[in-house]
Amino acid sequence: QVQLVESGGGLVQAGGSLRLSCAVSGRTFSSSVMGWFRQAPGKSREFVAAIRWSDGSTRYLVSVKGRFTISRDNVKNTVALQMNSLKPEDTAVYYCAAGESDFITVVSTRYDYWGQGTQVTVSS
């Protein structure tokens, strides 16, 4: 059973930076892709970024490309999301997710394990 624990959320002013981290335990070959999603109040969950454990291939939501960077540490079993130039519209609860498929997908239902989420609030 894969368990995910997020940390690093908080309150930041527009233009600032935050770094989210996801600690992965119980990881086996069954978790091939890690993703970050977010959900703002009254909105559906939205794909933000994903990375494949094996080769580091990444995929991003268009609106965060160039501002956010996803990375993984295969030794520490952690995945990070570095968020720069934050905007008020980035405000949401951010979730870490793990998928068993090797395909990097933006579809939330294709991910098998989820963390509890961490709040990110960007003030204008």
- Could you state the per residue volume, in Å³, of the convex hull enclosing the Cα atoms of the chain? 92 Å³
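State in Å² the accessible area per residue of the chain; use a 1.4 Å probe, count heavy atoms of protein chains only, and round to the nearest integer.
Numbers: 6310 Å² over 124 residues.
Roughly 51 Å² per residue, with all protein chains present.
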- For the chain, set up a Gaussian network in which alpha carbons nearer than 10 Å are linked by springs, and say which option among 24, 33, 12 fluctuates the most. 12
- Task: Please get the size of the charge dipole for region 11-104, origin at its Cα centre, with Cβ charges of +1 on Lys and Arg and -1 on Asp and Glu, quoted in debye to the nearest 20.
- Result: 160 debye
- Compare the Cα positions of 99, 86, 22 along the charge dipole of the chain (+1 at Cβ of Lys, Arg; -1 at Cβ of Asp, Glu; about the Cα centre) and return the one farthest towards the positive end. 86
- Report the calculated FRET efficiency for residue 109 and residue 14 (r = Cβ-Cβ distance, R0 = 41 Å), to the nearest 0.05. 0.80
- Given labels modelled 7 Å from the Cα in the Cβ direction, how far is it in nm from residue 40 to residue 62? 1.6 nm
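Where the accessible area of the chain is counted over protein heavy atoms with a 1.4 Å probe, how much of it, in %, is carbon and sulfur? Display every interim value, and only then the final one.
Details: 3120 of 6310 Å².
Of all accessible area on the chain, carbon and sulfur atoms account for 49 percent.
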- Item | aspartates and glutamates with Cα under 12 Å of residue 87, excluding same-chain neighbours fewer than 8 positions away | none
- Consider just the alpha-carbon atoms of region 1-55 and return their Rg together with their Dmax, both in angstrom. 13.6, 39
- Can you give the accessible area of residue 73 in Å² (nearest 10), computed on protein heavy atoms with a 1.4 Å probe? 50 Å²
- Message: Along the charge dipole of the chain, pointing to its positive end and built from +1/-1 on Cβ of Lys, Arg, Asp and Glu, which listed residue (49, 115, 75) has its Cα farthest out?
- Response: 49
- Note on the structure: Protection proxy (average C-beta count within 10 Å per residue), highest first, orders 91-99, 63-71 as 91-99, 63-71
- Please report the base-10 log of the normalised intensity I(q)/I(0) for region 52-96, using a Debye sum with one equal scatterer per alpha carbon and no solvent, at each q in 0.17, 0.26, 0.29, 0.33 (1/Å). -0.55, -1.08, -1.21, -1.35
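The values are calculated or read from the model by the stated rules, or taken from the named source; none is laboratory data. Values in this document were obtained by computation on a predicted structure and should not be read as measured data. Every residue, glycine as well, gets a Cβ built from its backbone with ideal geometry; the counts of neighbours run over all protein chains shown. Ligands, DNA and RNA are stripped out before the accessible areas are found, and what is left, the full protein with its side chains, is counted by its heavy atoms. Shrake-Rupley method; radii C 1.70, N 1.55, O 1.52, S 1.80 Å.
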